[in-house]
1. Tell me the carbon and sulfur percent of the accessible area for the chain, rounded to whole percent, probe radius 1.4 Å.
2. Pick from Gly60, Gly108, Gly94: which is most flexible by mean-square fluctuation in a GNM of the chain where alpha carbon atoms under 10 Å apart are linked?
3. Could you tell me what percent of the DSSP beta bridges with both partners in the chain are antiparallel, to the nearest 5?
4. Between Glu92 and Val128, take the C-beta separation as r, use R0 = 45 Å, and let me know the FRET efficiency to the nearest 0.05.
5. Lys and Arg at +1, Asp and Glu at -1: add these up for the other residues within a Cβ distance under 11 Å of Gly102 and post the number.
6. Looking at the chain as a GNM with Cα springs under 10 Å, which of Trp44, Trp12, Trp151 has the largest mean-square fluctuation?
7. Mind giving me the nanometre distance, one decimal, between the label points for Ser50 and Ala107, set 7 Å out from Cα along Cα→Cβ?
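The values are calculated or read from the model by the stated rules, or taken from the named source; none is laboratory data. None of these values were measured; they are calculated from a predicted model. All Cβ positions, even for glycine, are placed from backbone atoms using ideal geometry, and neighbour counts span all protein chains on display. Heavy atoms of the whole protein, side chains included, go into the accessibility calculation; ligands, DNA and RNA do not. Shrake-Rupley method; radii C 1.70, N 1.55, O 1.52, S 1.80 Å.
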Amino acid sequence: MTDPASNAPRIWVDADACPMAIKEILFRAAERAQIPLTLVANQWLRTPPSRHIRALQVQGGYDVADDAIVERAQPGDLVVTQDIPLAARVLERGVDAVNPRGERYTAGNIAERLSMRNFMDELRGAGVQTGGPAAFHARDRQAFANQLDRWIAARQARMPAS
């Protein structure tokens, strides 16, 4: 007999650069909605004791955590990442993606985001000071929580009743 939870949507977190406030929102949501949550990082991560939450530590190296997420994420899953190339890769596989500020990556906006990221990389490579990302605010946490709630509600509406 197949475990019905094995086909349930999962949440994957590119955890090396994910703000702790977002991880805490994810921990609470995984418990509340009983959704499997996996944090992927190249360092050891502390997670609360839960049958729904786990951490996957991968080897250090360029894109190792990204590759692990892409290998494991399935259509219908959600990936939380600030990494635009990773978001592009999972979108190609039918996986939903959102950044920690609650902005969804979509087929309609990913090409523009990749182009802007590459342009900024070129500027930095040429020695231009581009500044960093804007400070992370309470409104960003709220936008993320709202986006996560919408994703969970949509998934639960599609799941067959047990």
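1. 51 percent
2. In the Gaussian network model the winner is Gly108.
3. 10 percent
4. Details: r = 31 Å, r/R0 = 0.68.
Taking R0 as 45 Å, the efficiency between Glu92 and Val128 is 0.90.
5. Details: positive: Arg101, Arg104, Arg139, Arg141, Arg150; negative: Glu103, Asp140, Asp149.
Overall, the nearby charge balance is +2.
6. Trp44
7. The modelled label-to-label distance comes out at 3.1 nm.
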